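The values are calculated or read from the model by the stated rules, or taken from the named source; none is laboratory data. Quantities reported herein were computed from a predicted structural model and do not represent experimental measurements. In this analysis, Cβ positions are derived from the backbone assuming ideal geometry, glycine residues included, and neighbour counts consider all displayed protein chains.
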Amino acid sequence: MYEGPVQDLIDELGRLPGIGPKSAQRIAFHILAADPDDIRKLADILIEVKSKVKFCETCFNVSEDDQCRICRDPRRDPALICVVEESKDVVAIERTREFRGRYHVLGGAISPIDGIGPGDLKIRELCERLADGTVVEIILATDPNLEGEATATYLSRLLLPMGVKVSRLASGLPVGGDLEYADEVTLGRAFEGRRYVNA
C-alpha cells in the first residue's frame, strides 16, 4: 500500500478492464517517472475523448457526430444489419472488408451473473430500426461465448417473428490451429459450419 495520490492512481487504474493490481502499479510508476508534458498530453486527450466522442444515434457506434461515418455512408446497404456487442467489434469486422451493410451495437451481452438483462442492451432500438421494412437480414455477430450465445438466441427468438432473415456468423477452427487443442464447442461448430468443396 502506498500513500495518498499514488495509491489513488493505482486504485483507479486497477478499475480499468484488463488491468490487474500489478499492471496498475507498473503503469502508475511509469506515470510518475514520465515527462510532465507527456502526462499533460495524456490527460488532455482523455478529457477531449470524454467531451467530443459520443454514440451514434442510429447504431450506437462511437462517433464525433450525431451519426457515425458508416451510417452516413450512402454506399452501405441499409437492408443488412450486423449486430455486435461493442464498438471494437465493428472495427474488427471492418478490417475484413467483407461486410458492406450497416451495424447495430448492443452495448454488451446478456449476462445474468453480471446483472445484465435484455433491457440493459440496445435491443428495443434495434427493433425500432426494423419498423419501416427496409432491413431484410440481421447478422448476429456476438461473441462465441456463453453470454454471446445467450444474446444471439434471445435476439433470434425476438426477430424471426418480425419477418427478417436472421443469420449467425460461422465459428470454428482458427487458421493455423491444431485440432488436438480445439475445445469440443469449437470443433462442433466447425462441423456445423462446414462447406462443401466443388471440383
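Of all residues in segment 43-74, those that are in a loop (DSSP other than H, G, I, E, B) and either in contact with a Gly (Cβ under 8 Å, 6 or more places away or on another chain) or of a type in the set (Val, Ile, Thr) (or both) total 3.
Name the residues in segment 42-77 that are under 19 Å from Arg97 (Cβ atoms), touching a residue at least 12 places away in the same chain (Cβ under 8 Å) and touching a strand residue (DSSP E or B) at 6+ places or on another chain (Cβ under 8 Å), would you? Across segment 42-77, the qualifying residues are Cys59, Asn61, Cys68, Ile70, Cys71, Arg76, Asp77. Exactly one residue out of Ile39, Ile31, Ile19, Ile10 is without any contact (Cβ under 8 Å) to a residue 60 or more places away in the chain and outside any helix (DSSP H, G or I): that is Ile19.
Once segment 171-184 is narrowed to residues that are among the aliphatic types (A, V, I, L, M) and modelled with pLDDT of 75 or more, the residue that is nearest to Leu146 (Cα to Cα) is Ala182.
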